[in-house]
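Worksheet for the structure shown next.
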């Protein structure tokens, strides 16, 4: 793990995934159910892990054993969250966009594990390579590093096509990270499936600044990264403005689809400040708490 991420991880430890769903789980996690009359129902102890609430440490037990243990209660819950990352060619074509998407996925996965949730990282492709399912703060750093290293994942088919194949059994929350550059009708199918499974969804659209505001000019041959199809265009001012209008309309249709299914929509580019997005926008949009 890069030393440059040390201060980031320290800040991430103070955040938790925000999930409205509260189901009583067989395995006890780090969340309170909010059920009256159960918050003082003691269950057992477990070893202290970085990120745990220091107020839960049993200091009497520490005095006897010299080790830190925290109290667990029967109203604590485990949330199973999935971070689903688009690994299609269009996502990986621009390095800065791809790196920003991986940083967001890694940060949110780290927060989930630090919060004692069960976390699945799914690079949505035709292959199972790169998938991770873990629970516990002890795995947080290694999962963070593994997601940042995700690269060249074998893929066949569109992102939505592959995401639709995911079972997501017992998943209560899903965070989708994609550039959204597919027909909105395909996302409608994916959202409908997730809604029918009663999965709480956060949708994060990541674009490159160059995709949002192209700077290229003159006669160009553009190649579709998904299909390989080539198109000759003359990048004049009128063409650029028409492209931007179409992109804005496309993004607006994705946001409307999210509203239709009760999904939280967030938009970010590789030019936006990463810390601002994670610690302020994600908190304001209730992706984090």
Residue that is farthest from the chain's Cα centre (by Cα) [pool: residues in the stretch 104-120 that are more than 20 Å from residue 6 (Cβ to Cβ) and crowded, with 24+ Cβ neighbours inside 10 Å]: 116
Inside the stretch 52-125, counting only helices (runs of 4 or more DSSP H) that do not spill past its ends, which hold 2 or more residues that are outside the structural domain of residue 268 (by TED's automatic domain parsing)? 59-65
Please tell me if residue 70 is within 26 Å of residue 169 (Cα to Cα) and crowded, with 16+ Cβ neighbours inside 10 Å. no
Which one of the conditions (1) surrounded by fewer than 16 Cβ atoms within 10 Å (Cβ to Cβ); (2) out of contact with any strand residue (DSSP E or B) (no Cβ under 9 Å at 6 or more places or on another chain); (3) modelled with pLDDT under 95 does residue 137 fail to meet, given that it meets all the rest? (1)
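For every residue, the table says whether it meets (1) surrounded by 15 or more Cβ atoms within 10 Å (Cβ to Cβ); (2) at pLDDT 95 or above; (3) within 28 Å of the chain's Cα centre (by Cα).
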{"residue": "190", "(1), (2), (3)": "yes, yes, yes"}
{"residue": "194", "(1), (2), (3)": "yes, yes, yes"}
{"residue": "204", "(1), (2), (3)": "yes, yes, yes"}
{"residue": "224", "(1), (2), (3)": "no, no, yes"}
{"residue": "237", "(1), (2), (3)": "no, no, no"}
{"residue": "246", "(1), (2), (3)": "no, no, yes"}
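The rows are residues; the columns are (1) at pLDDT below 95; (2) part of a helix (DSSP H, G or I); (3) closer than 13 Å to residue 84 by Cα.
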position: 142; (1), (2), (3): no, yes, no
position: 147; (1), (2), (3): no, yes, yes
position: 167; (1), (2), (3): yes, no, yes
position: 177; (1), (2), (3): no, no, yes
position: 186; (1), (2), (3): no, yes, no
position: 214; (1), (2), (3): yes, no, no
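Can you confirm whether residue 250 is at pLDDT 95 or above and under 16 Å from the mean Cα position of the chain (by Cα)?
On the way: at pLDDT 95 or above: yes; under 16 Å from the mean Cα position of the chain (by Cα): no.
Against the criterion (at pLDDT 95 or above and under 16 Å from the mean Cα position of the chain (by Cα)), residue 250 does not qualify.
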Just for the stretch 251-271: of the residues that are loosely packed, with under 15 Cβ neighbours inside 10 Å and touching a helix residue (DSSP H, G or I) at 6+ places or on another chain (Cβ under 9 Å), which one is farthest from residue 101 (Cα to Cα)? 260
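The values are calculated or read from the model by the stated rules, or taken from the named source; none is laboratory data. For clarity, every value in this text was computed on a predicted model and none was experimentally measured. A quick note on method: Cβ atoms are made from the backbone with ideal geometry, for glycine too, and the neighbour counts reach across all protein chains shown.
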